[in-house]
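The values are calculated or read from the model by the stated rules, or taken from the named source; none is laboratory data. Just so we're clear, the structure is a prediction, and the values are computed from it rather than from any experiment. Don't worry about glycine lacking a Cβ; one is built from the backbone with ideal geometry, like all the others, and counts go over all protein chains shown. Ligands, DNA and RNA are excluded from the accessible area calculation, which covers all protein heavy atoms including side chains. Shrake-Rupley method; radii C 1.70, N 1.55, O 1.52, S 1.80 Å.
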Amino acid sequence: MFERWFLLDAGAYELRLHDCSKHTDAKTRTIVAVKNNQPLFYGQEAISCIYQDPLMQIRYPIWEDSVDSMIHSLIENCMNVLQADQSLLKPCIWMAVPNWYDEAYRTKWQHILLDSGIKKVKFITNMDLLQTKEACFLIHAGHSYTEMGIYVNGTCRSYKKIFFAGSRMDEQIKRIVATKTNCLISNEDAMALKKAASDAFWKNQNVRLSCTALDRYQHMQRISISAWDLWPGMEMIEQQIVLWAKQCFKEQPLQMKEALLKNGFLLSGGLAHCFGLRQLLEQAFGCTILHTNMPEYDIINTMKELKG
């Protein structure tokens, strides 16, 4: 009573917040521009700072298994967008977290949220949100990690957490660009090249891609590279996800394997958009890979459904 609930999906690529009372949404890129150890710009504004000031550093508050307390500024920004402070009701958050978040991680997040003016915090895991009553194989591939699990009637039969995900793919793309052009690109440009290459592959095309880079003399210039040149770096990460999925599947008895193949695997998370992952999973297991049109929103959309 006298509470106003918000749903939070704090991803390493994007932070999403939903106001349950007004049914409105806010989101921001999970990125901060820092100068002299002081955070100055957040989200989209931070991205524009990448090449403007050599003393400005770009930081990602959520990275693999770590979270920086500066994330609270991004949460506060989204809360302001949703006008959370213009209500007498106490703001409360229901937050989706990976299965591997232990008590220490949850406590740290609780402190961050309480420092952001939140009065009450509850957690739910991604796997609890996504699983069905039937036997299901869930693969949630995001920006900083991939988690996968096999569940039956709420019971976990197998679970894996790996750091082969979107950010590792970006690292591979940066290495390929450096080798091909002798220039360095930012994480943001690597993400953009990844998306552009994936979009081209979905259309069965190989296009020339370009972006701004730094040469060996620290001068900015435009570089160009073929989308196909980037494919080995993308495929390498996708193959690792498939390899770990095979290990999960291998641990199951024959009857469970048959049920999982019959029901199909559920693929969610932003990396589910990337060309190759669905195809490689289908090729490896010979079953249907289920996914929504916007898999990066599966977590927050499922939370909305449950909250009603």
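A few remarks follow.
- DSSP-defined antiparallel bridges as percent of all bridges, region 131-293, nearest 5: 80
- Measuring r between the beta carbons of L243 and Q44 and using R0 = 41 Å, the FRET efficiency lands at 0.70.
- Annotation: for a label point projected 7 angstrom from Cα along Cα→Cβ of C287, residues of region 143-182 with backbone N closer than 12 Å are 149-152.
- Residues in region 237-253 reached by a label modelled at S158 [backbone nitrogen below 15 Å; 7 Å Cα→Cβ]: 241-253
- Peptides 230-242, 33-45, 140-152 ordered by packing proxy, namely the average of other Cβ atoms within 10 Å per residue, highest first: 140-152, 230-242, 33-45.
- Rounded to the nearest 20 debye, dipole of the chain from Cβ charges on Lys, Arg, Asp, Glu: 240
- Sparse-neighbourhood loop sites, chymotrypsin sites (Phe, Trp or Tyr not before Pro) in region 177-253 - DSSP loop, at most 15 other Cβ within 10 angstrom: Y217
- Per-residue ellipticity at 222 nm computed for the chain from its helices equals -12000 deg cm²/dmol, with DSSP H segments shorter than 4 residues left out and the rest contributing -39,500 (n - 2.57).
- About its Cα centre, region 53-164 has a charge dipole of approximately 400 debye under the convention of +1 per Lys or Arg Cβ and -1 per Asp or Glu Cβ, with nothing else charged.
- Extension gain, M294 to L254, is 11.2 nm, computed as 0.36 nm per intervening residue step minus the present C-alpha separation.
- Region 59-107 shape via C-alpha gyration tensor axes, a/c threshold 1.5: oblate
- Overall form of the chain per C-alpha gyration tensor (a/c, 1.5; a/b vs b/c): oblate
- Looking at region 210-258, the trypsin sites (Lys or Arg not before Pro) that sit in a DSSP loop and have at most 12 other Cβ atoms within 10 Å of their own Cβ are R216.
- Percent of Cα pairs in region 131-293 per distance bin of 5 Å, from zero to the largest separation: 1, 9, 18, 20, 16, 12, 9, 7, 4, 3, 1, 0, 0.
- Surface analysis of the chain yields an accessible area of 49 Å² per residue, using protein heavy atoms and a 1.4 Å probe.
- Near-label residues of region 1-44 by backbone N, under 15 Å of a point 7 Å along Cα→Cβ of F123: 8-11
- Secondary structure note: in region 4-128, about 65% of the DSSP beta bridges are antiparallel.
- Carbon + sulfur, % of accessible area of the chain - ligands and nucleic acids excluded, 1.4 Å: 50
- A 1.4 Å probe over all protein chains sorts C248, C20 by accessible area into C20, C248, starting with the largest.
- Expressed to the nearest 5 percent, the antiparallel share of DSSP beta bridges inside the chain is 70 percent.
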